[in-house]
Amino acid sequence: DNRCGRYASMHLYSEAAWPLGLNLKMWAEYLREGCGLGEAYIIPMKAESLAGLPPAYIEAQECDILRDEALTFGRLLTDAGTPAKTVLISGSYHGFDEDFRNPFVRSAVGARIAFFEGVMADHGL
């Protein structure tokens, strides 16, 4: 969601691993490119409806400017009837999963994999 100021976590963790300043720069670049697509395709939070989308796994990091945005997106997907699993990883931060040897990270990545394995199994894949 490019409306960065609307989430409390944006201000609470503005200098965290992924700081607010970089997020604003990212959106400026991302929207500048545009790809000729409508805003709803570029920014799903602005779509008229999130119904009919494929299942989603939304993982929010506790100490991250994107935490509240991720939780909101998960709720919007669920409210639209789109299958979504939203998880808040306590004690995590943006990019925490780079330390793939850490048991904490392995557990979080394992949960992601299990979700997608379940989705694939549900579709006979």
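Numbers below:
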read-out: Options 68, 79; residue that is surrounded by fewer than 17 Cβ atoms within 10 Å (Cβ to Cβ) and among the charged types (D, E, K, R); value: 79
read-out: Filter result for residue 16 (closer than 25 Å to residue 112 by Cα and either open to solvent by 40 Å² or more (accessible area, probe 1.4 Å) or assigned to a loop (DSSP other than H, G, I, E, B) (or both)); value: yes
read-out: Residue in the range 31-49 that is open to solvent by less than 40 Å² (accessible area, probe 1.4 Å), of a type in the set (S, T, N, Q) and either out of contact with any Asp or Glu (no Cβ under 9 Å at 6 or more places or on another chain) or within 30 Å of residue 114 (Cα to Cα) (or both) present; value: no
read-out: All positions within the range 79-109 that are among the charged types (D, E, K, R) and either on the phi > 0 side of the Ramachandran plot or in contact with a Phe, Trp or Tyr (Cβ under 8 Å, 6 or more places away or on another chain) (or both); value: 85, 106
read-out: Conditions (1) assigned to a strand (DSSP E or B); (2) buried (at least 17 other Cβ atoms within 10 Å of the Cβ); (3) out of contact with any helix residue (DSSP H, G or I) (no Cβ under 7 Å at 6 or more places or on another chain); number of the one not met by residue 61; value: (3)
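The values are calculated or read from the model by the stated rules, or taken from the named source; none is laboratory data. None of these values were measured; they are calculated from a predicted model. FYI the Cβ positions are ideal-geometry reconstructions off the backbone, even for glycines, and counts take in every protein chain you see. Ligands, DNA and RNA are stripped out before the accessible areas are found, and what is left, the full protein with its side chains, is counted by its heavy atoms. Shrake-Rupley method; radii C 1.70, N 1.55, O 1.52, S 1.80 Å.
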